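This report concerns only the one structure given below.
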Amino acid sequence: MKNIILVVDDDKTNLTLAQKILLPHYRIAATSSGRAALKYLETNNPDLILLDINMPDMDGFEVMEQLRLKEETAKIPVIFLTADNLVETEVKCFRMGAVDFVTKPFVPDILLSRVGKTLELEQYRHNLEKMVKEQAEKITEDARRISMIQDSVIVGMANLIESRDGSTGKHVKNTQMYVKMIVDELHNRNLFPEQLTEEYMQDICKAAPLHDVGKIKVPDSVLQKPGKLTPEEYELMKMHTTYSRKIIKMIIGDVEDESYVQTVEDIAMYHHERWDGTGYPTGLAGDRIPLAARIMSVADVFDALYEERVYKPPIRPIERIMQIMMEGRGTQFDPVIMDVFMEMVPMLKEVLHIQ
Ligand SMILES: [Fe+2]
């Protein structure tokens, strides 16, 4: 397919000459004024424009300005045509964004060579742009796939560990869902705006499934005990938080995304801390407990109460769970998060399919 060249010149002789030189090699459109050229460009997309500078009504520079304003015409290469040999004119042409400059009267070989080179260059630019775009898309797609694989490995591993204490495996999925709901709700209400950046929100949701990985080191006899734990057993159970952090350091400590690794560690280590400082393993209190862990704590306890466990039946209705949890507002849980969670009952009922 031949390239299309638009020639714009008010001088009929020049137009005819340009056509004569170029026609054997290209398809030509010709207009004798700047306005007619702009009109033509509303519906056509030539590969190159040969634009005369000195024209009555609207000169070549004005046409050029108009071309650069529109996305559809901004990238079409322009070669200016002029009868003068002034350096200033040449400089102005390049400043205006012209790719080249041809003096009149035309010398056929020079005109053909300039046009040919410009089109060749344009083809390279086009191919390069296409290649960069394709590569960028591929990289994005690869990153998305790797992230999906990572997520499913993490959730799979967390599920495997969770299944040891006889729970149904829903805990990992559900707590992650509650965490995401709370994070979104806090964000929608513009709470903790300094901390809840887009990145931190994503990190919290991705980190949630790993909160209990340390349970892998807690003996089955403790994890699966149907009754109340003895003080010694309880101490062993409490160790799962510090174990979690150690395991996380081991598995993802080398990941370059430091903020993500930090969030996973925070959630694992501190999700059993209490707002009043009586929790474990460190006894941190108030907002010294990382926000991610304060959110995880609410989601974790809600799920523990809602689902059946070896040591307890599920609690119903959901209002009763909320009543129990509200008793921990300001002692066990961050009061701000607990207040928001309290108002999320309709949403929770919807995701849990409760009438
Ligand atoms: Fe835990």
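Listed values, structure above:
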{"quantity": "Failed criterion for SER297 (all others in (1) away from the ligand (no atom under 16 Å from the Cβ); (2) closer than 29 Å to ASP339 by Cα; (3) not hydrophobic (A, V, I, L, M, F, W, C) hold)", "calculated": "(1)"}
{"quantity": "Exclusive hit being closer than 24 Å to GLY279 by Cβ and touching a helix residue (DSSP H, G or I) at 6+ places or on another chain (Cβ under 7 Å), set TYR234, TYR178", "calculated": "TYR178"}
{"quantity": "Hey, PRO314 closer than 30 Å to PRO226 by Cβ and not acidic (Asp, Glu) or not", "calculated": "yes"}
{"quantity": "Subset of segment 299-355 (residues that are under 36 Å from the mean Cα position of the chain (by Cα), closer than 22 Å to TYR280 by Cβ and among the aliphatic types (A, V, I, L, M))", "calculated": "ALA299, VAL301, ALA304, LEU305, MET325, ILE337, MET338"}
{"quantity": "Boolean, ALA268 is touching a residue at least 40 places away in the same chain (Cβ under 8 Å), farther than 15 Å from VAL172 by Cα and not charged (D, E, K, R)", "calculated": "no"}
{"quantity": "Hits in segment 80-101 (condition: in contact with a helix residue (DSSP H, G or I) (Cβ under 6 Å, 6 or more places away or on another chain) and aliphatic (A, V, I, L, M))", "calculated": "MET96, VAL99"}
{"quantity": "Pairs with Cβ under 8 Å, 6+ apart, first in segment 323-346 and assigned by TED's automatic domain parsing to the domain that holds ASN188 and over 15 Å from TYR178 (Cβ atoms), second at pLDDT below 95 and surrounded by fewer than 17 Cβ atoms within 10 Å (Cβ to Cβ)", "calculated": "ILE324/ILE315"}
{"quantity": "So LEU210, is it in contact with a helix residue (DSSP H, G or I) (Cβ under 6 Å, 6 or more places away or on another chain), among the aliphatic types (A, V, I, L, M) and closer than 23 Å to LYS170 by Cα", "calculated": "yes"}
{"quantity": "Flag if LEU305 is in contact with an Asp or Glu (Cβ under 8 Å, 6 or more places away or on another chain) and surrounded by 17 or more Cβ atoms within 10 Å (Cβ to Cβ)", "calculated": "no"}
{"quantity": "Any hit, segment 261-271, residues being of a type in the set (D, E, K, R), buried (at least 16 other Cβ atoms within 10 Å of the Cβ) and either modelled with pLDDT of 90 or more or touching a Cys at 6+ places or on another chain (Cβ under 9 Å) (or both)", "calculated": "yes"}
{"quantity": "Total residues in segment 1-45, condition within 20 Å of PRO56 (Cβ to Cβ), among the hydrophobic types (A, V, I, L, M, F, W, C) and surrounded by fewer than 17 Cβ atoms within 10 Å (Cβ to Cβ)", "calculated": "1"}
{"quantity": "Some residue of segment 127-143 being surrounded by 12 or more Cβ atoms within 10 Å (Cβ to Cβ) and either part of a helix (DSSP H, G or I) or touching a residue at least 24 places away in the same chain (Cβ under 8 Å) (or both)", "calculated": "no"}
{"quantity": "Listing of strands (runs of 3 or more DSSP E) fully contained in segment 1-104 that carry 1 or more residues being among the acidic types (Asp, Glu)", "calculated": "48-52, 100-103"}
{"quantity": "Residues located in segment 105-115, provided they are free of Cβ contacts under 8 Å to residues at least 12 places away in the same chain and either on the phi > 0 side of the Ramachandran plot or outside any loop (DSSP other than H, G, I, E, B) (or both)", "calculated": "ASP109, ILE110, SER113"}
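The values are calculated or read from the model by the stated rules, or taken from the named source; none is laboratory data. A quick note: this is a predicted structure, and the numbers were derived from the prediction, not measured. Reconstructed Cβ throughout: ideal geometry from the backbone, glycine too, with neighbour counts over all protein chains shown.
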